[in-house]
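The values are calculated or read from the model by the stated rules, or taken from the named source; none is laboratory data. The structure presented is a predicted model; accordingly, all values stated were derived computationally and were not measured. Cβ atoms come from the backbone with ideal geometry, glycine included; neighbour counts cover every protein chain shown. For accessibility, only protein heavy atoms count, side chains too; no ligands or nucleic acids. Shrake-Rupley method; radii C 1.70, N 1.55, O 1.52, S 1.80 Å.
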Amino acid sequence: MPELFAQVILPLSLHDSYTYKVPLPLQQNIAAGKRVIVQFGKKKLYAALVSALSDKKPEGLEVKEVLEILDEHPIIFPTNFKLWQWLAQYYCCTLGDVFRAALPTGLKLESKSKLFLTGIDEPLALSTKEELIIRQLQEDVSLLSELEHKLGTEFSFQALKSLINKKVVYAEEKISSKYKPKTEAFVKLHHSIQSEKTLNEKIDLLKRAKKQQQLLLHFCAATNTFSNNQLDEIPKKELVAGTSFSGNLVKELVKKKILAETQKQVSRLEEEPIEQVSINLLNKHQAKAYNHIKETFQSQQVTLIHGITASGKTEIYIHLIDEIIKTGRQALYLVPEIALTTQIVKRLKNVFGNKVGIYHSKLNSQEQVEIWEKVIRFNENPQEGYQVILGARSAVFLPFSKLGIVIVDEEHENSFKQFDPAPRYNARDMAVVLGYQNDAKVLLGSATPSFESYYNALKGKYGLVNLMRRHSEMELPEIIISDIKRAYKRKQMRSFLTPELYELMEEALEKQEQIILFQNRRGYSPYVECFTCGHIPKCRNCDVSLTYHKYKRRLNCHYCGFSYQLPETCDNCGSPELKTRGYGTEKIEDELKSLFRNARIARMDLDTTQSKNAFAKIVKNLEDRKTDILIGTQMVTKGLDFEHVSVVGILNADNLINFPDFRAHERAYQLISQVAGRAGRKHKQGKVVIQTSQPDHLLIELIKDQNYQATLKEQFEERQLFKYPPFYRLIKIVVKHKNVQTVDRAANQLAQQLKNHKQLLVMGPEYPLISRIQLWHHKEIWIKINRKLNLDLVKAEIVAGVKSVKQLPANGNCIFNIDVDPA
Ligand code: ADP
Ligand code: ZN
Ligand code: ZN
C-alpha cells in the first residue's frame, strides 16, 4: 500500500490547511468532505474537514496521523467547497475562518465544545465506550476536553459521534448569551437503582424522613416505575404540581442519589399543521415583471428586481421557486433577518408544504444539523430532503447539490454582511457567486436597491426589472414632513410628537386603525446627564455613553453589554440630580401610555424580542388587531405586512441623515421608504409623518417625493467625486490593541507601508466614531481602490503589508482585521 496523506481544514485562523498521514486501516474509508479527528498543538483534538487526499509526502516536518474518521458520508459536496475557497480568497481570510462560519455548531467538535445529554431515552444497544461517556455527562462533566481528560484512553470520538447521531448527546460550541435551548427539568430514578429490590431498600431507608418517603412513593406512582409500560421519568413541574411537595424536597432526594434530575431540551418550534393552498395568480403587472425576469435570465445569471413595497415581489419569488422545483432543482430564499422568516415561512409552507426548511443561527445545534442533513439528503433522496430553504445569511453555506435559483429579498439590507468575526462576508454577494458556481439563477429584490446592485444593473452586469405598481392598485402613502423645531418654538409639541403626527394618531385610533412609530434608539434614554455639572456616565470599557433602561433600572452599554446600577448621585460632583436625556423606544412606550390612555401599545426592539417566539407574538398581535400602536427600532421597517396600519411616524429623521458615513443618505432613504411602506397597504392611502428639524434638506425632499432615481443620481455624483463605492472598491483595516500608543504606532506603520503602493488611496489611520470597545482601542485605515486595478494583486499587497507590520516585535499582540467591502 502506498502512503496516503490528507489535507485537512482546522477551525483555526492560522493557515489554510494542514497535512496528516492516513493510517492504513483508515485508507479505505477516508474521502474529501468527511470530517476526521486530528490532534493539533500539544493536546487538543479537533474535528477537521478533509479537503484533499494525496500520496505525496509533504516535505520537511514529520506529520501526525489522522486519529479517526467521523462521517460515513461526506458532509459537503465539492461545489460547496469551491464557495469556501472563493470566500477565503475574496475576503482575505483562511479556510479555517470559513470552516467556523460555514458548519453548524453541532458539526464542529473541538476540545472547547460543551456537551449535553438531550434526555432522550438511552437506546438499549450502547457500546461500553458510549456508556462511559453518558455516565460522565451525568456526573456534570460538560466540556469535551474534560471528558477526554477523565476517560483517557477509554475516550473515543467515534462513540461520542455515535451518541450525537442517536440524539442522546448534543454539542454546543459555546453557549451564546442570546439564545439558550429551552430546557425543562425532568426527574427519574438515580441510575444506581436498577431493580425493584433496590428501590424498596431505598424506600425503607427513608423511614425517618417521612415527607421524602412520601415524595418517592408519589414519584413511583406517577411514573409506574418498574411496571411493564415503563414511563420512568416525569417533568419536575408535573411531579410537584397539585401536591404539597416542594422543589427543594426533590433536591434532597437527588442529593441522596435516589432521584436524578436532568435538563431535557424541549422544542420551541410550534409545528403548525399546514394546509396546502394553491399558488396565487399574478396580477398583470406582476406577470409582466415575471416574464421580464425570465427573459433577462436567458442572458444573465443575475437580475435585480426593483419593486416598490407591496407590489408583490414575494408572489413573484414564489412563482419562480415553483417553476424551479418542478424541474427537480433546489431553491434558496435569503432574508436579512431571522425575524422575517416567520412571516414568509407561512406563505412558503402554504404553497410548498414540507419541502421547505428554515435555517438560521437561532435554531439550536441539533435542529441546525438536522436541516443540514436534510439538504444533503436531497441529492440522493429528494422525497426526504429539503428542496426549498428559507434562511438568513449562513444559509449560503448549506450543502446544496442541485441549486436552481437563489433569491435575495431586501437585498439592500446590511444585515447580510457579517461584521465579526472573519470571514466578513456579504451573503448577497455570496449568493451571486453561488449562482455562478452552480449555474443557478440569482434574483435580487428590493423596493430600495442598494446603490451597488443598481450600479451593476445599469452597467449591464445584472438584468433589471421594474415593478412600480402596488398590488390591487393600493396607493403609495402620502408623506408629510413635520418641522420639530418650529413646533418646539410654538410650544406645540406633545411630548415627542408634533401636532401633525399627534392629530393623525388620534384620528386613526378613533377609526380603529393601527399606527407604527419608528425610533432608532432602544432603551429608555440614550444617555443620562448630571443636571449640576453636565457629567455623562460612560462605559468603563468603551468610549460610549450608557443607555438607561428603566424597566431594569440600570445603565447598559450597547457595545460590550456591560450593565451598571443606576447611581444615586453623580460620580463626578455628587449631585443627586441625574436627568435622563433623549428618547429611546422604552421611554416612548411609557409616554404613549399617558398620551393615549385607551390605546393598546406594543414595543418591538432588541430588548423585547430576545426569546425566539417573542417577535412572532408581537407580529401576531398586530395582525389580530390586539395592538393599536407599535413602537420599534429598525425591526419594524423590514418587510412586515399589515392590513390596517394607516399611520406611520418617523420620530426623528435627523440622526439618520446626519450620521457620519458615506452611505448615510442611502441608508436614510432606504430605511424611511421601508417604514413608510408599512402604511396603507390595503383599501386606502396611508399617511407617513416624518419629524425632522431640517425640513428643507434635499434628502427629505427626495424622500417626500419617493424619488429613488434622483436620490441615486445625487449620491452617485458625490461618490464619484469622493471615490467611494460603487465607483471605487473599499477595504477597511481595523487595528486594535489595549494600549492606545501601540495602536497608534502600529496603525501608522501599516499606513506608511501601504502608502508606498502609489496606486492605492490610503486614508487614515483615524479613530472611528467609537474608538474604544471592550477595552480595545481601535484605529482604522480605509483604502480606496480603482476598479481598473487587479484586485487580487492589491489584496495580496495589503495582506503582505499587514503581515510585515504584525511581525515587528512590538506589534505582536495587535489585531489587524481586514474588511473587504465594508458595510
Ligand atoms: P412585496 O414583497 O413587494 O412587499 P408582497 O408580495 O408582500 O409585496 O405583497 C403585498 C400584499 O399583497 C401581500 O399581502 C400579498 O399577499 C398580496 N398580493 C400581492 N400579489 C398578490 C396576488 N397576485 N394575488 C393575491 N395577493 C397578492
Ligand atoms: Zn455632576
Ligand atoms: Zn461597553
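Values for this structure:
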| read-out | value |
| --- | --- |
| Tally of residues being closer than 13 Å to residue 103 by Cβ and part of a helix (DSSP H, G or I) across segment 47-82 | 2 |
| Residue in segment 362-384 that is buried (at least 19 other Cβ atoms within 10 Å of the Cβ), out of contact with any strand residue (DSSP E or B) (no Cβ under 8 Å at 6 or more places or on another chain) and farther than 30 Å from residue 421 by Cβ present | no |
| Every residue from segment 352-365 that is small (Gly, Ala, Ser) and without any contact (Cβ under 8 Å) to a residue 24 or more places away in the chain | none |
| Lone qualifier among 533, 542 - being buried (at least 19 other Cβ atoms within 10 Å of the Cβ), more than 16 Å from ligand 1 (Cβ to nearest atom) and assigned to a loop (DSSP other than H, G, I, E, B) | 542 |
| From the options 633, 637, 585, 608, residue that is within 16 Å of ligand 1 (Cβ to nearest atom) and of a type in the set (Ser, Thr, Tyr) | 637 |
| Of all residues in segment 33-46 being assigned to a strand (DSSP E or B) and open to solvent by less than 30 Å² (accessible area, probe 1.4 Å), the one that is nearest to residue 369 (Cα to Cα) | 35 |
| Test for residue 626: is it open to solvent by 20 Å² or more (accessible area, probe 1.4 Å), away from ligand 3 (no atom under 16 Å from the Cβ), over 20 Å from residue 307 (Cα atoms) and basic (Lys, Arg) | yes |
| First in segment 672-701 and without any contact (Cβ under 8 Å) to a residue 40 or more places away in the chain, second anywhere and open to solvent by less than 10 Å² (accessible area, probe 1.4 Å) and more than 16 Å from ligand 2 (Cβ to nearest atom), Cβ under 6 Å, 6 or more apart | 672/650; 672/703 |
| Residue, farthest from the chain's Cα centre (by Cα), within segment 411-445, restricted to residues that are surrounded by fewer than 24 Cβ atoms within 10 Å (Cβ to Cβ) and hydroxyl-bearing (Ser, Thr, Tyr) | 436 |
| Flag for residue 109 being within 26 Å of residue 149 (Cα to Cα) and either crowded, with 22+ Cβ neighbours inside 10 Å or at pLDDT 90 or above (or both) | yes |
| Members of segment 83-93 that are open to solvent by less than 50 Å² (accessible area, probe 1.4 Å) and either in a helix (DSSP H, G or I) or in contact with a Pro (Cβ under 7 Å, 6 or more places away or on another chain) (or both) | 83, 84, 87, 88, 90, 91, 93 |
| Complete set of residues in segment 778-812 that are over 21 Å from residue 93 (Cβ atoms) and either in a helix (DSSP H, G or I) or out of contact with any Leu (no Cβ under 9 Å at 6 or more places or on another chain) (or both) | 787, 788, 808, 809, 810 |
| Condition broken by residue 6, with the remaining ones in (1) without any contact (Cβ under 8 Å) to a residue 60 or more places away in the chain; (2) farther than 19 Å from residue 105 by Cα; (3) open to solvent by less than 20 Å² (accessible area, probe 1.4 Å); (4) small (Gly, Ala, Ser) satisfied | (1) |
| Residues within segment 565-590 that are within 16 Å of ligand 2 (Cβ to nearest atom) and either surrounded by fewer than 16 Cβ atoms within 10 Å (Cβ to Cβ) or among the aromatic types (Phe, Trp, Tyr) (or both), tallied | 12 |
| Residues (modelled with pLDDT under 90 and in a loop (DSSP other than H, G, I, E, B)) located in segment 661-685 | 661, 677, 678, 679, 680, 681, 682, 683, 684, 685 |
| From 751, 746, 823, residue being away from ligand 1 (no atom under 16 Å from the Cβ) and without any contact (Cβ under 8 Å) to a residue 60 or more places away in the chain | 751 |
| Qualifying residue in segment 591-604 (condition: crowded, with 16+ Cβ neighbours inside 10 Å, without any contact (Cβ under 8 Å) to a residue 40 or more places away in the chain and either within 16 Å of ligand 2 (Cβ to nearest atom) or farther than 25 Å from residue 509 by Cβ (or both)) | no |
| Test: residue 368 is touching a residue at least 40 places away in the same chain (Cβ under 8 Å), out of contact with any Leu (no Cβ under 8 Å at 6 or more places or on another chain) and in the same structural domain as residue 416 (by TED's automatic domain parsing) | yes |
| First in segment 57-76 and on the phi < 0 side of the Ramachandran plot, second anywhere and among the small types (Gly, Ala, Ser) and modelled with pLDDT under 90, Cβ under 7 Å, 6 or more apart | 70/47 |
| Residues of segment 321-339 classified as open to solvent by 10 Å² or more (accessible area, probe 1.4 Å) and assigned to a helix (DSSP H, G or I), total | 7 |
| Residue selected from segment 550-560 under the condition modelled with pLDDT under 90 and under 19 Å from residue 608 (Cβ atoms), by the criterion farthest from ligand 1 (Cβ to nearest atom) | 553 |
| Matching entry among 738, 713 (being outside the structural domain of residue 424 (by TED's automatic domain parsing), modelled with pLDDT under 95 and over 26 Å from residue 791 (Cα atoms)) | 738 |
